[in-house]
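What follows is a single structure, written as structure tokens, with notes after it.
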Amino acid sequence: MKTDLTGSTALVTGATAGIGRATALALAEHGAAIVVHGRDPERGADAVARIDALGGTARFESADLSDPADVRRLAAAVGEIDILVNNAGIFRFGSTVDTDDAAFDAHVDINLRAPFLLVQALVPAMAARGRGAVVNVSSGAAAVPGRGSGIYGASKAALESLTRVWAAEFGPAGVRVNTVAAGPTRTEGTAVFGDQFEAVGQLTALRRLVDADEIANTIVFLASPAAGYVNGTVLTALGGTPAVG
Ligand SMILES: NC(=O)c1ccc[n+]([C@@H]2O[C@H](COP(=O)([O-])OP(=O)(O)OC[C@H]3O[C@@H](n4cnc5c(N)ncnc54)[C@H](OP(=O)(O)O)[C@@H]3O)[C@@H](O)[C@H]2O)c1
């Protein structure tokens, strides 16, 4: 399989924790130079040090993705890249009645507008060079109704819709755009759910949670030449749906 990414540069948003950090490390192991994005400089330095320890190359860029000006500043600071992983995201669960304007806006701003602005700013240069790959990170909540995951799932469903649009817009220029829909993953972000989260893993056909490394591997595949004819798809790494009855 052609998964060698030597000579490529990848921006991974939200690479200071969880799925993003695992993805940054996995891309680095496959030879890509990494721009580690996050907000927290200490977590950023830790991720960069982990990549250095693997013999990889990385630097940290901080930006608050809820602020469109900061997203555009990030894109300008990053410059030319070959791989964009739109991973950073928030998930704050609450019923529709309990979702206030701030929670609604935060999901849309961070999970949807930020990837949109990064694609807008960074992908035209990939297209001009005739190659590149974008991988977005979605969730089973995009397709499966969950009590309390309304606006979160809606923000991810919109990202999946944009995946198909971007694949059509940039595919003719040689840039592929895909999404991984991640199952319930052990990360810093989900650690707050404690033992309750284990039960979510039992709802999958594999009857377990997924490790961030396993999601990272699907992202590396989609970003790599091994997925050269995969474009506009949502790869579900959801552990399968249990049979009824
Ligand atoms: N974990 C799961 O079960 C699961 C399942 C399906 C999909 N996903 C998706 O996978 C992605 C990563 O999830 P995770 O569980 O790995 O998350 P996590 O452990 O909570 O880490 C979130 C990352 O996003 C960054 N981030 C959050 N808000 C940001 C903001 N306003 N500006 C800039 N960076 C921000 C954080 O940066 P700081 O270090 O600066 O805070 C951190 O690097 C998300 O899009 C999530 O929706 C997760």
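Where a number appears in this text, it was derived from the coordinates with a stated rule and is not lab data. The model shown is predicted, which means the values in this text are computed figures rather than measured ones. No Cβ is skipped: glycine too gets one built from the backbone with ideal geometry, and neighbour counts run over all protein chains shown.
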Quiz item: How much net charge surrounds G18 when only the other residues with a Cβ under 14 Å from the Cβ of G18 are counted, with Lys and Arg +1 and Asp and Glu -1?
Solution: -1
Practice problem: When a/c is below 1.5 the answer is rounded, else prolate if a/b is larger than b/c, else oblate, so apply that to the stretch 179-218 with a ≥ b ≥ c taken from the square roots of the Cα gyration tensor eigenvalues. | Solution: oblate
Exercise. Towards the positive end of the charge dipole of the chain, with charges on Cβ (+1 Lys, Arg; -1 Asp, Glu), say which of V177, G194, T23 has the farthest Cα.
Key: V177
Exercise. Apply the Karplus parameterisation 6.51 cos²θ - 1.76 cosθ + 1.60, with θ equal to phi minus 60°, to every residue of the stretch 88-97 and state each ³J(HN,Hα) to the nearest whole Hz, in sequence, with x for glycine and proline.
Key: 3, x, 10, 9, 10, 8, x, 5, 4, 4
Quiz prompt | Calculated FRET efficiency for the pair F197/E29, C-beta based, R₀ 30 Å, to 0.05 | solution = 0.65
Exercise. Starting at the first residue of the stretch 122-130, write each ³J(HN,Hα) from the Karplus equation 6.51 cos²θ - 1.76 cosθ + 1.60 with θ = phi - 60°, in whole Hz, x for Gly and Pro.
Key: 9, 6, x, 5, 4, 4, 5, 8, x
Quiz item: With Cβ to Cβ distances under 11 Å as the rule, what net charge do the other residues near I83 carry (K, R +1; D, E -1)?
Solution: +1
Quiz item: Which angle from 0 to 90°, rounded to the nearest 10, does the C-alpha axis of helix 150-170 make with the longest principal axis of the chain?
Solution: 30
Self-check item: Local electrostatic count at R208 - Lys and Arg +1, Asp and Glu -1, tallied over other residues with Cβ under 12 Å
Solution: -1
Exercise. Assign one of three labels to the stretch 1-128, namely rounded, prolate or oblate, based on the Cα gyration tensor with a ≥ b ≥ c the square roots of its eigenvalues; rounded applies when a/c is under 1.5, prolate when it is not and a/b is larger than b/c, and oblate otherwise.
Key: prolate
Practice problem: Taking amide H positions as placed in the peptide plane 1.01 Å from N, state which residues far from A181 in sequence (5 or more) or on other chains have amide H under 5 Å from it. | Solution: S138, L235, T236, A237
Quiz item: Considering the dipole of the stretch 115-245 built from charges on the beta carbon (Lys and Arg +1, Asp and Glu -1) around the Cα centre, which of V220, A157, V123 is farthest to its positive end?
Solution: V123
Quiz item: In a GNM of the chain with a 10 Å cut-off on Cα contacts, which of E214, E188, E160 has the highest mean-square fluctuation?
Solution: E188
Quiz item: Where nothing but the Cβ of Lys and Arg (+1) and of Asp and Glu (-1) is charged, how large is the charge dipole of the stretch 9-237 around its Cα centre, in debye to the nearest 20?
Solution: 600
Quiz prompt | Among 105-114, 64-73, the order from most to least packed when residues are scored by Cβ within 10 Å on average | solution = 105-114, 64-73
Practice problem: Please compute the Cα-Cα pair-distance distribution of the chain with 5 Å bins starting at 0, giving whole percents from short to long. | Solution: 1, 7, 14, 19, 21, 18, 11, 6, 2, 1, 0
Quiz item: What is the distance, in nm, between label points placed 7 Å from the Cα along the Cα-to-Cβ direction at A243 and at A77?
Solution: 5.3
Quiz item: Pulled fully out, how much extra length does the chain show between A106 and R164, if you take 0.36 nm times their separation in residues and subtract their Cα-Cα distance?
Solution: 18.5 nm
Quiz item: How large is ³J(HN,Hα) for each residue in the stretch 220-233, as worked out from phi by the Karplus curve 6.51 cos²θ - 1.76 cosθ + 1.60 (θ = phi - 60°), to whole Hz, x for Gly and Pro?
Solution: 4, 4, 5, 7, 9, x, 4, 9, x, 10, 9, 8, x, 10
Practice problem: Kindly provide log₁₀ I(q)/I(0) values, in the same order as q = 0.23 Å⁻¹, from the Debye equation applied to equal alpha-carbon scatterers of the stretch 71-133. | Solution: -0.91
